[in-house]
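Participant: Structure incoming, see below.
Any read-out appearing in this document is the output of simple, stated calculations on the displayed coordinates, not a laboratory observation. Since we're looking at a predicted model, the values are computed, not measured. No Cβ is skipped: glycine too gets one built from the backbone with ideal geometry, and neighbour counts run over all protein chains shown.
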Amino acid sequence: MTEREQVNKLFRQFKNKNVTVELRDNNQAEGKIIAIDNYLNIVLEKDDGIQTLKGGNIVYVSLKE
């Protein structure tokens with residue numbers, strides 16, 4: 001398995017999980033990841049709708065479980 005395939009597998013494990021995302025501007029976003037790609041671009045499902053986060057603005061993602 002290549003390194004890229006390993007990274008893809010790790011990212012896929014976050015799909016459909018509730019997370020907190022820390023952003024570079026010191027804000028946080030919370031919701032369920034409904035899409036994630038190799039660049040760590042994330043689409044979150046939140047109580048008030050959908051939020052798209054660019055991977056370059058993300059500091060870290062933590063699971064809420």
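Participant: Once amide H atoms are built 1.01 Å from N in the peptide plane, which residues 5 or more positions from K17, or in another chain, come under 5 Å H to H?
Facilitator: Distant-sequence amide H within range of K17: I33.
Participant: If you don't mind, another one. Placing +1 on the Cβ of each Lys and Arg and -1 on the Cβ of each Asp and Glu in the chain, which of N38, L23, Q6 has its Cα farthest towards the positive end of the resulting dipole?
Facilitator: Of the listed residues, the answer is Q6.
Participant: Calculate how steeply helix 3-12 sits against the longest principal axis of the alpha-carbon atoms of the chain, using the helix alpha-carbon long axis, and give the answer as 0 to 90 degrees to the nearest 10.
Facilitator: The helix 3-12 is inclined about 30 degrees to the chain.
Participant: Could you give the size of the charge dipole of the chain about its Cα centre, using +1 on the Cβ of each K and R and -1 on the Cβ of each D and E, expressed in debye and rounded to the nearest 20? Please report the intermediate quantities before stating the final value.
Facilitator: Numbers: 10 positive and 10 negative charges, 40 e Å.
Using only the charged Cβ atoms, the result is roughly 180 debye.
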